[in-house]
Amino acid sequence: MNRRVAIITGASKGLGRALALSFAKEGYALGICARGEEKLEDAASELEELGGEVVAVRADVTESSDVERFVSIVEDRFGGIDVLINNASKFGPGPTLLADYPTDAFRDVIETNIMNPFLVTKRVLPGMLAQKQGSIINVTSEVGKYGVAEWGAYSVSKFGVEGLSAIWADELEGSGVRVNVVDPGEMDTVMHETALPDCDYELADPADVVDVFLHLATSKDNGERFEAQSFDAKGASV
Amino acid sequence: MHAFSIPENLNAQTPAEIVRGRRDQVRLLSIDKDQQLFHNNFNEIDQFLNPGDLLVLNNSRTIPPVLEASQGNHTFEIRLSRKRSSTSWEALVVGDFLAIDRPIQLEEKVEAMITGHGSEHPLVTLEFSISGSNLLDFIYRNGEPVRYEYIHRPFSLDTYQTVYGSVPGSVEMPSAGRAFTWGLLEKLKRKGVRLAFIQLHAGLSYYEKDRWPNPNNHPEAFCVPEATAELIQDTRRTGNRVIAVGTTVVRALESAVTSHGEVEPIEGTTRLYVDEGYTIAAVDGLLTGFHEPEASHLHMLTAFLPKKKLMSAYHQALEKGYLWHEFGDMNLILK
């Protein structure tokens, strides 16, 4: 089967939706999932209007049974997966000092944001390893590299995602399957509004940060960290 | 055909990773080409493989095929066995007599009609009211793995997967490769053992009430990809061995043998029955579990080893307490 297939988690809004649209425009067949059915169906309809082939599955990717169902349905429909973008994540409460952070919310954000790329990657890997190729792109954040006050569990979880990605990239070196992380930078999304409600500077449109993801879908990079807003669309990280 | 019985305490009831922390912590009984027996831990399997040998694995992934069903107040169980089309499956109905001219009610108002006999008694064909990805989604959300009577805990679907399973479609786990971890497969690759994959979607292995599938009437969908066929040809050309991980792999590869004795890429359905009288053409060794006396899988083993030797090995396995079934110990037979 020559058609390339990408799956994107949390694809019903924000960056995930922008990524789904850009990959569909590039001719990828798409498997997308989100927790909310209505927005997911909207996204699927929009992709189909572009002429894209789409499998949209309502799924909570922090649940391994949902991950199994989502990835299996996509593999059954398209025969394999070339690109996985682990985009789904949650922010938790707005700006909060760690010392004030509710314990249950902290646990929930850490579990959601770290478990979901672990589970989805683990499920997608066997197919990629059998075909000796695949690109896994994990979405991180500037606060996954620098500790910044009041970014709380979200920031801690993104440090975790970067660690998970680095370990997996090392373990998969030479296998044909590549793992990289992308910091999309600050974007005009609901999540950013939660994180910085009083933001008074201009934010990027999610549609403007997709080039680096398209680059990584087919490049040779492994174990690299990219910043989307300083990525040169011609192929070089600047 | 084969006279032995499996004592209750030799039914593996729990996966090794739960009992001993890792799925490769099972035992390995190896029988070499001189029919000598060796007893090892499974993670020592590298001792029996040489650089250049090709391990062929079935990367079909297990789906949860057991569905609750009803007609009026009468409830029963459906076990899917083989996909026939985007709306139709062959299935086993476990329970009392059904009205065949009335729809079967499933969860979420999904319905199925019995449209005829399956490939062999007692299977039937079912036509569902939903199709394609929606039907698969429904099966995942409502189905359970097949758990036979020696399993006393409701292990999740994850438990019924090999680490390398990828292509959904088997209704029972192709369990011969269950004990492999990625770490062990990497160890074998570092030694120079090569890996290749086929897909064969395993159907039900038991129809209840002492009824067993006859391979001649038990078609299974399979695929031998081009890259795998090439690796097999290359392995044989260079005098190395092709080791099938599981009877499903033997069935798929032997179904792909041309009249010139070469393995070709192929996708289709096989009814091949490999037993004592069959001459194996594509495979030099088989890694498998321990099988029940009635199972056709056991008949296949006699194509690799004389029946007397096989029974002698099985009696030693019984004496030494090897464990049977999908969570059990492993048996490597080299020709």
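Looking for something away from every other protein chain (no Cβ under 11 Å), open to solvent by less than 10 Å² (accessible area, probe 1.4 Å) and in contact with a His (Cβ under 9 Å, 6 or more places away or on another chain) - is there at least one such residue anywhere in region B:163-170? Yes, that holds for at least one residue.
I want to confirm something. Restricting to region B:238-271 and keeping residues that are over 15 Å from B:Gln199 (Cα atoms) and aliphatic (A, V, I, L, M), which single residue is surrounded by the fewest Cβ atoms within 10 Å (Cβ to Cβ)? Step by step, filter region B:238-271, then rank; the result is B:Val257. Identification of helices (runs of 4 or more DSSP H) wholly contained in region A:1-103 with 3 or more residues that are within 22 Å of A:Ala228 (Cβ to Cβ) and either within 14 Å of another protein chain (Cβ to nearest Cβ) or out of contact with any strand residue (DSSP E or B) (no Cβ under 7 Å at 6 or more places or on another chain) (or both) yields A:14-25. Number of residues in region B:223-237 that are under 21 Å from B:Glu267 (Cα atoms), surrounded by 13 or more Cβ atoms within 10 Å (Cβ to Cβ) and of a type in the set (D, E, K, R): the value is 2. Exactly one residue among B:Ala221, B:Ala196 is in contact (Cβ under 8 Å) with a residue 60 or more places away in the chain and closer than 17 Å to B:Trp89 by Cα, and that residue is B:Ala221.
Any idea which residue in region B:202-222 is modelled with the lowest pLDDT, counting only those that are surrounded by 19 or more Cβ atoms within 10 Å (Cβ to Cβ) and in contact with an Asp or Glu (Cβ under 6 Å, 6 or more places away or on another chain)? Here the residue is B:Ser205.
Only a single criterion out of (1) buried (at least 22 other Cβ atoms within 10 Å of the Cβ); (2) touching a strand residue (DSSP E or B) at 6+ places or on another chain (Cβ under 8 Å) is not satisfied by A:Arg123, namely (2).
Residues checked against (1) at pLDDT 95 or above; (2) among the acidic types (Asp, Glu); (3) surrounded by fewer than 24 Cβ atoms within 10 Å (Cβ to Cβ):
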position	(1), (2), (3)
A:Arg3	no, no, yes
A:Ala20	yes, no, no
A:Ala44	yes, no, yes
A:Val54	yes, no, yes
A:Ala59	yes, no, no
A:Val67	yes, no, no
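Residues that are assigned to a helix (DSSP H, G or I), away from chain B (no Cβ under 14 Å) and open to solvent by less than 60 Å² (accessible area, probe 1.4 Å) occur in region A:140-151; there is at least one.
Go through the residues of region A:89-106 one by one and say whether even a single one is within 19 Å of the chain's Cα centre (by Cα) and of a type in the set (A, V, I, L, M). Taking every residue of region A:89-106 in turn, none turns out to be within 19 Å of the chain's Cα centre (by Cα) and of a type in the set (A, V, I, L, M).
The values are calculated or read from the model by the stated rules, or taken from the named source; none is laboratory data. Being a predicted model, the structure only gives us computed values, none of them experimental. For neighbour counting, all protein chains shown are included, and Cβ atoms are generated from backbone atoms with ideal geometry for every residue, glycine included. Each accessible area value is taken on the protein alone, full model and side chains, heavy atoms only, with ligands, DNA and RNA left out. Shrake-Rupley method; radii C 1.70, N 1.55, O 1.52, S 1.80 Å.
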